[in-house]
Amino acid sequence: MQTPSHFNTVAVLGGGAAGFFGAIACAEANPRLTVYLIEKTGKLLSKVRISGGGRCNVTHACESPAQLAQHYPRGGKQLKEAFREFDARATITWFEQRGVALKTEADGRMFPTTDSSETIAQCLLDAAQRAGVRILPQTNAEEIAPQPGGGFRLRLTGAHAQELPVARLLIATGGSPKAENYQWLRQLGHSIVEPVPSLFTFNVPESPLRELPGVSVPHVRVRVAGEKLEYEGPILVTHWGVSGPAVLKLSAWGARRLHELNYESTALVSWVPAHTEESLRQWLHTFRDQNGRKTVESNPLFGLPQRLWRTLTDQAGIGPEMRWSELPAKLQNRLIESLLRTPLPVRGKTTYKEEFVTCGGIVLSEVNMHTMESRRAPGLYFAGEVLDIDGITGGFNFQAAWTTGYLAGRAMAASGS
């Protein structure tokens, strides 16, 4: 038989960004509640600590909820309303009120002014402690049993093994690349969109750029041949293929289709995305008239790195001594083709650092996106990547975690009070 005290007890599963934000929001909004945060590992906020190369890309500077929502391949439409209640500006204010200032970089990404993810992690830990959140690390919810009178009974194992009755429960356990890891959520009555990877780099073992690791270009267009998938942005040539924001964002928008293709395709890179074939041909015609005595290989155009330009001219069959005035039409056509459509035979993917993201998870139609409460199981809430929500790189996945965690926490605090 449940004790009356469980009506004043709530639990959060998951010690990541969404879990902490939800627990803090709940405890701050209703100090009468006992709020438990349960994390099965000993590592709290692990993804926060490694994000952005240890700097933590907290959010992205966006002026409106509608603008913010455009950066989510899955979940953007449903998040638009949620962002009206807690958006990037609210995130900035939340951290500022707790002594952490954020700065905006040229591309819109926002980081703590300390350039240290530990600043964000410590802020969340301190806020949880001040709010009275009871953190149970190295503890697993082995069983979640809905109770006839409402609420749930958790059977906890590990460092804080106990039977814990709670009135409301927030699931913020993150995404998983394995479908079987969602089975326990199916048992709670929810449908799952099968998970597939998002935000990954392209493996190109037979890359024509294989001698150029470390070369980066600030603005290219990457397109998947035969598909309506393309993205513009910076690219980085790596030992295994290509990476950088253009590739990562393309992988997010095309996550499901690229999975269907078994990560085998041809990526076409335009190094001059501002040009069409016609405009590029005309531009080169004018350049040749004015610079005929210059050697082609030694004078990179369009701000391209010397090593890359030399590779492109070499692949076009242009020798190191050839001048623009001597360039045959056939070789110029090859150079134009390389500039507009360098083909990269993609044969697999690589997870982006340790910041893996999956698309898939709890079907959003089964969740009230204003409160993050389950439409299938009253008293059950969701936040973060366990939902079928994922954003492109740039702080958008964290913003979804802050928003859904905040809404869930506030709703749990108000429910039944």
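The values are calculated or read from the model by the stated rules, or taken from the named source; none is laboratory data. As the structure is a prediction and not an experimental result, all values here were calculated from the model. Quick reminder, even Gly has a Cβ in these numbers, built from the backbone with ideal geometry, and neighbours come from all protein chains shown.
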Cross-chain or 6+ apart pairs with Cβ under 6 Å, region 259-273 first and part of a strand (DSSP E or B), then surrounded by fewer than 17 Cβ atoms within 10 Å (Cβ to Cβ) and of a type in the set (Ser, Thr, Tyr):
none
Since Arg89 meets every condition but one in (1) surrounded by 15 or more Cβ atoms within 10 Å (Cβ to Cβ); (2) without any contact (Cβ under 8 Å) to a residue 12 or more places away in the chain; (3) outside any helix (DSSP H, G or I), which condition does it not meet?
(3)
Considering only region 282-302, I want to know if a residue exists there that is within 15 Å of Leu344 (Cα to Cα), more than 21 Å from the chain's Cα centre (by Cα), among the basic types (Lys, Arg) and part of a loop (DSSP other than H, G, I, E, B).
no
Name the one entry in Glu194, Glu163 that is under 19 Å from the mean Cα position of the chain (by Cα), in a strand (DSSP E or B) and either in contact (Cβ under 8 Å) with a residue 24 or more places away in the chain or surrounded by fewer than 18 Cβ atoms within 10 Å (Cβ to Cβ) (or both).
Glu194
What residue, of Ile120, Ile135, is surrounded by 14 or more Cβ atoms within 10 Å (Cβ to Cβ) and outside any strand (DSSP E or B)?
Ile120
Among the residues in region 59-66, are any under 19 Å from Cys123 (Cβ atoms), outside any helix (DSSP H, G or I) and within 18 Å of the chain's Cα centre (by Cα)?
yes
Counting only residues that are in contact with a Leu (Cβ under 9 Å, 6 or more places away or on another chain) and at positive phi, region 196-236 contains a total of 3
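Per-residue answers, yes or no, for (1) out of contact with any Gly (no Cβ under 8 Å at 6 or more places or on another chain); (2) buried (at least 17 other Cβ atoms within 10 Å of the Cβ); (3) closer than 18 Å to Leu212 by Cα:
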| position | (1), (2), (3) |
| --- | --- |
| Glu264 | no, no, no |
| Trp271 | yes, yes, yes |
| Ser279 | yes, no, no |
| Thr311 | yes, yes, yes |
| Gln315 | yes, no, yes |
| Gln332 | yes, yes, no |
| Leu339 | yes, yes, yes |
Of the numbered conditions (1) at negative phi; (2) in a loop (DSSP other than H, G, I, E, B), Gln332 satisfies every one except a single condition; which is it?
(2)
Any idea how many residues of region 203-232 are assigned to a strand (DSSP E or B) and either of a type outside the set (A, V, I, L, M, F, W, C) or surrounded by fewer than 17 Cβ atoms within 10 Å (Cβ to Cβ) (or both)?
9
Pairing a residue in region 220-244 that is in contact (Cβ under 8 Å) with a residue 24 or more places away in the chain with any residue that is among the polar types (S, T, N, Q) and not in a strand (DSSP E or B), where Cβ atoms lie under 7 Å and the two sit 6 or more apart in sequence or on different chains, gives Gly241/Ser207
Does any residue of region 163-177 turn out to be assigned by TED's automatic domain parsing to the domain that holds Arg375 and farther than 20 Å from Ile38 by Cα?
yes
Give the number of residues within region 368-394 that are out of contact with any helix residue (DSSP H, G or I) (no Cβ under 8 Å at 6 or more places or on another chain) and either of a type outside the set (S, T, N, Q) or more than 21 Å from Leu169 (Cα to Cα) (or both).
4
Region 359-368 - residue that is at pLDDT 95 or above and buried (at least 21 other Cβ atoms within 10 Å of the Cβ) and, of those, farthest from the chain's Cα centre (by Cα):
Val367
